[in-house]
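See structure below.
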Amino acid sequence: MAKILCVEDEADIRSEIVEELLDCGYEVEQACNGLTGLKAAVEFRPDVILCDCLMPAMTGPEMIAALRRDHPELRATPFVLISAYTGERHLADAKAAGAAACLTKPMDFDELESILAQLLHAPQSPAARPERADGSAPSAR
């Protein structure tokens, strides 16, 4: 079962995303901001991180930078950033921060599932590697 970390500061949106991910068969952990998300990522070791762009304490792009800088074992973990802003510049900034994909709110869950399927089966995906950096077997869906 693939592991997804959902980092979203709005509880109702986070709950809806988590419910959808669980219904799709993923193992899910959740966090309410980038700081708690960073801690959860280190402990949970997700295959993909789904993260809001603008949150208190630490933004999505800041979380990507901190994870890549301070946790080399998770450096290859793909991020899907979620944003309420739809402007091309904002989405380009998210990609420049290191996001593998970006989604806008309200989310299209079919699009999310398609993105997750692509990321989980991509050669650089942690789920596609024969072994994780910590020596554990990758999750399989």
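Taken together, the values in this text are just the output of simple stated rules run on the coordinates, not laboratory data. Please read all numbers here as calculations on a predicted model, not as lab measurements. No Cβ is skipped: glycine too gets one built from the backbone with ideal geometry, and neighbour counts run over all protein chains shown.
Given 10 °C and 1.306 mPa s, compute D for the stretch 3-128 with the Stokes-Einstein relation, Rh being the Kirkwood radius over Cα pairs; round to the nearest whole µm²/s.
Once the numbers are plugged in, D ends up at 113 µm²/s.
List the GluC sites (Glu not before Pro) within the stretch 1-98 that fall in a DSSP loop (any state other than H, G, I, E or B) and whose Cβ has at most 14 other Cβ atoms within 10 Å.
Hits after loop and neighbour filter: 10.
Excluding residue 10 itself, calculate the net charge of residues whose Cβ lies under 12 Å from the Cβ of residue 10, where each Lys or Arg counts +1 and each Asp or Glu counts -1.
Summing Lys and Arg as +1 and Asp and Glu as -1 gives -3.
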